[in-house]
Amino acid sequence: MVVSSNQVVKPVKTQAAISLTAAGHPGKEKRRMANLYTDHGNKINVVIHQNQFSDNENSYYGKVTRNTVTLEQLIKGILNDNQNTNTGLNAYILNFAMDRMKARCIEEIKAGNAVSLLDLGTMYLGIKGSFTIDAGNTDVSALKGKELTVGFTASDDIQKAVSQLKIGSVSLSLKAPAIHSIINLATKEEGKTLAIGKGVELKGNRLKITGINGCGIFFAPVQEDGSVTSDETKWVKVEEENILKNYPKSLIFQVPSTLAAGKYIIVVRTLYCGGNTTLKAPVTGYSTTVEVTA
């Protein structure tokens, strides 16, 4: 999807990849947020982020800004909608009914059932991740310890309501670290091949490492299907003493000696946002795939 200032933008699915024209790119990134499109007649706001897992620098994904309505606000809205109707409803009755509904839904989920939530959609149980079972093998021990998850499928009524929405604004997020180039300091060449124990320089924007817990430079293994592993316990962190230069536009460090040869994505995670600004939660930037050799 190409975003331009004179185009009516159709609804963007959360996390869906989209692309920008060169004219839509903010260039030197002087601001942390670049407004790309505004329609004051609609209230749905989308913030787009660069897709760091794509080799295409013009690949982006969109997130709809979330404005959460509380239970108290829902009840107030229901009472306002029915203020001219003698329904006998009041805040106490609605609070009690919703509290009982919540408790009942939790019990049904704990019993392994899927639950239809007021015909808005169905909440159900699932299993996180994938596993391998040999054909004909009845041993299902691979399932033991797997984390159960909760999913939700929207009803036709919700899908229809969403299909009628229009985006009111599109902005480009500039908070995350952006890695523009990778330089092998042993060969002085820019590219995608690095050597264990040798120096490397990352050039880009908002790269400076600030923050302690969870922040730093990491090598995340790339799996056979080309995706980066989401299991962060398998990521190898660059020790602080091996970071030789820590600036907003440049990081110089040594490839960890404990790293095994293979394909990786370099991950930069920091609280830095520019100037003296520190974020409350870490933001993460990703390089393209690099080959690490012995």
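Some values worked out for this structure:
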{"item": "Selected residue (only one of GLY214, GLY285, GLY262, GLY204 is surrounded by 18 or more Cβ atoms within 10 Å (Cβ to Cβ), in contact (Cβ under 8 Å) with a residue 40 or more places away in the chain and within 28 Å of LYS128 (Cα to Cα))", "result": "GLY285"}
{"item": "Selection within the stretch 184-201 - surrounded by 18 or more Cβ atoms within 10 Å (Cβ to Cβ) and under 28 Å from the mean Cα position of the chain (by Cα)", "result": "LEU194, VAL200"}
{"item": "Residue satisfying all of: in the stretch 73-126; among the acidic types (Asp, Glu) and either assigned to a loop (DSSP other than H, G, I, E, B) or modelled with pLDDT under 90 (or both); nearest to GLY151 (Cα to Cα) among these", "result": "ASP119"}
{"item": "Selected residue (criterion: farthest from MET98 (Cα to Cα)) from residues of the stretch 67-79 that are of a type in the set (S, T, N, Q) and open to solvent by 80 Å² or more (accessible area, probe 1.4 Å)", "result": "ASN67"}
{"item": "Long-range neighbours under 8 Å by Cβ, at least six apart or interchain, first residue farther than 23 Å from PHE152 by Cβ within the stretch 86-114, second part of a loop (DSSP other than H, G, I, E, B) and modelled with pLDDT under 90", "result": "LEU89/ASN82"}
{"item": "Search result, residues across the stretch 244-262 that are in a loop (DSSP other than H, G, I, E, B) and closer than 21 Å to GLY274 by Cα", "result": "PRO248, LYS249"}
{"item": "Any chance GLY214 is within 18 Å of the chain's Cα centre (by Cα) and not in a strand (DSSP E or B)", "result": "yes"}
{"item": "Test: residue in the stretch 14-36 that is over 30 Å from TYR264 (Cα atoms), open to solvent by less than 60 Å² (accessible area, probe 1.4 Å) and either part of a loop (DSSP other than H, G, I, E, B) or at pLDDT 65 or above (or both)", "result": "no"}
{"item": "In the stretch 265-282, the residues that are at positive phi and open to solvent by less than 50 Å² (accessible area, probe 1.4 Å)", "result": "GLY274"}
{"item": "Residue match in the stretch 136-149 (condition: over 27 Å from the mean Cα position of the chain (by Cα), more than 30 Å from TYR60 (Cβ to Cβ), among the hydroxyl-bearing types (Ser, Thr, Tyr) and modelled with pLDDT of 95 or more)", "result": "no"}
{"item": "Conditions (1) surrounded by fewer than 10 Cβ atoms within 10 Å (Cβ to Cβ); (2) modelled with pLDDT under 85; number of the one not met by VAL170", "result": "(1)"}
{"item": "Verdict on GLU241 being assigned to a loop (DSSP other than H, G, I, E, B), charged (D, E, K, R) and surrounded by fewer than 17 Cβ atoms within 10 Å (Cβ to Cβ)", "result": "no"}
{"item": "Failed item in (1) part of a loop (DSSP other than H, G, I, E, B); (2) modelled with pLDDT under 85; (3) touching a Leu at 6+ places or on another chain (Cβ under 9 Å), with TYR60 passing the rest", "result": "(1)"}
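The values are calculated or read from the model by the stated rules, or taken from the named source; none is laboratory data. Quick caveat, the model's predicted, so the values are computed rather than measured. Note that each Cβ is placed from the backbone with ideal geometry, even for glycine, and that neighbours are counted across all protein chains shown. Heavy atoms of the whole protein, side chains included, go into the accessibility calculation; ligands, DNA and RNA do not. Shrake-Rupley method; radii C 1.70, N 1.55, O 1.52, S 1.80 Å.
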